[in-house]
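Have a look at the structure below, then the notes.
The values are calculated or read from the model by the stated rules, or taken from the named source; none is laboratory data. Fair warning: this is a prediction, and the values are worked out from it, not measured in the lab. All Cβ positions, even for glycine, are placed from backbone atoms using ideal geometry, and neighbour counts span all protein chains on display. With ligands, DNA and RNA removed, areas are computed over all heavy atoms of the protein, side chains included. Shrake-Rupley method; radii C 1.70, N 1.55, O 1.52, S 1.80 Å.
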Amino acid sequence: MANITRDIGYFVGRYPLATGMIAIAVGGSIYFTPMVLGWMSAQVQEGAKPPAPTKSAVLSSYSASERAVIEAAAARRAVIAQENAERQRRCDAGAPAVMAAARDKLKVKQPDAALALLSGCSEFATDPAFKALHSKAQSDSAAMFKQALKVRDAESLAKRKKEGVRIGMSPEEVILSSWGKPRKINRTTTATRQREQWVYDGGYLYFENGILVTIQN
């Protein structure tokens, strides 16, 4: 009988609306009373679940200094969130004018100037067109920088081709100079050093362990 009562109690606890309809249908407290008693017994056996701890209850478990640190961090996060929301609002409001100015800079091949205009709101603007324009400015700036490096390297190479050689140069530097590559290389290797004689139509260069030590015209 106890098992039946317990099972009925579980049913009542899980399906109270259906139980009420059954009780009304059978029309008698003689059926409903054991259900209620069984439900109460099941609740006692099952154990009531403790309520979820409140924020104040959690904070009260910490020391005063720990609570101060937690509350200060929460306040700081709230301030940052408010500041970010305000920056996003300002960026979205000013986006059309900033984008127009940035496009003008890109037209005259000034991607760095366009980036300077766009970068302040690149993290906060929500307009996809703004983000696309910022990406284009970054791409154009990187391409211009790469081209500038190529021009600088070409100018440096041309300058070296006009210059002669000097003591202390490496073989690679000599090749890039006006002497260029030798017609012939004679090598002598000993226990402590490696000597090379580079033969040119107009003279000789001597290296020791990869360093130019003698120039003979």
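Take the range 103-217 with all the other protein chains still there, run a 1.4 Å probe, and you get 68 Å² of accessible area per residue.
Here residue 181 is the anchor, and the lysines within straight C-alpha reach of less than 20 Å, apart from those fewer than 8 places off in the same chain, are 159, 161, 162.
The residue 61 and residue 85 beta-carbon pair, evaluated with R₀ = 41 Å, returns a calculated FRET efficiency of approximately 0.80. With R₀ fixed at 35 Å, the C-beta to C-beta distance from residue 104 to residue 153 puts the FRET efficiency at about 0.65.
For Cα pairs less than 8 Å apart in space and 6+ apart in sequence, what is the mean separation divided by the residue count of the range 96-217, i.e. the relative contact order in percent? Write down the numbers at each step before the final one.
Working: 142 pairs, mean separation 17.8, N = 122.
That works out to 15 percent.
Got a number for carbon plus sulfur as a percent of the range 104-217's accessible area, 1.4 Å probe?
Working: 4030 of 7700 Å².
Taking all protein chains in place, the range 104-217 shows 52 percent carbon and sulfur surface.
Peptides 154-160, 115-121 ranked from most to least packed give 115-121, 154-160, packing being the mean of other C-beta atoms within 10 angstrom over each peptide's residues.
Once the Cβ-Cβ distance of residue 146 and residue 170 is raised to the sixth power relative to R0 = 30 Å, the FRET efficiency obtained is 0.70.
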